[in-house]
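Dropping a structure here in structure tokens format, bear with me for questions.
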Amino acid sequence: MAVKTLYPHPPCPGCGQDETKAARTFYAPNGKIVRYRKCKLCGKNFYSLQSCEEVIDPAEHKVVLGNWRTNGSQIKIVKTGTNQPVDL
């Protein structure tokens, strides 16, 4: 069985905490994924939109992994041929 990956999600619009759980998942006709979430702290229910994954074109961008001993979970995406970070 594959390991479950926890992706970042929006904070609760009621209390601002990020301890929420996806209770249901819906797939829109346009390919978007909508999650019905519940805040574990205040109990507020809300919807969030998850965007689809996209392939990073290596001709345009390069993924730079952090040093796993110091900050292995951090990565940055830079313009190919430079060291300038970009925000996709």
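Which pairs turn up if I take residues in the range 14-34 that are in a loop (DSSP other than H, G, I, E, B) and at pLDDT below 80 and look for partners that are among the hydrophobic types (A, V, I, L, M, F, W, C) and surrounded by 12 or more Cβ atoms within 10 Å (Cβ to Cβ) with beta carbon separation below 8 Å, at least 6 apart in sequence or on another chain?
Sorted first by the residue in the range 14-34, then by its partner, the pairs are A28/V34.
Separate question: Collect the residues in the range 35-65 that are under 18 Å from the mean Cα position of the chain (by Cα) and either at pLDDT below 85 or among the β-branched types (V, I, T) (or both), keeping them in residue-number order.
Answer for the range 35-65, where residues must be under 18 Å from the mean Cα position of the chain (by Cα) and either at pLDDT below 85 or among the β-branched types (V, I, T) (or both): L49, Q50, S51, C52, E53, E54, V55, I56, V63, V64, L65.
Which condition does Q74 not pass, out of (1) open to solvent by 80 Å² or more (accessible area, probe 1.4 Å); (2) modelled with pLDDT of 70 or more, if it passes all the others?
(2)
Looking at W68 and the list (1) surrounded by 14 or more Cβ atoms within 10 Å (Cβ to Cβ); (2) modelled with pLDDT under 75, which single condition is not satisfied?
It is condition (1) that W68 fails.
Among the residues of the range 9-20, which ones are over 14 Å from the mean Cα position of the chain (by Cα) and open to solvent by 60 Å² or more (accessible area, probe 1.4 Å)?
Residues satisfying the conditions are P13, Q17, E19.
The values are calculated or read from the model by the stated rules, or taken from the named source; none is laboratory data. From a predicted model like this one, the values you see are computed outputs, not experimental measurements. All Cβ positions, even for glycine, are placed from backbone atoms using ideal geometry, and neighbour counts span all protein chains on display. Ligands, DNA and RNA are excluded from the accessible area calculation, which covers all protein heavy atoms including side chains. Shrake-Rupley method; radii C 1.70, N 1.55, O 1.52, S 1.80 Å.
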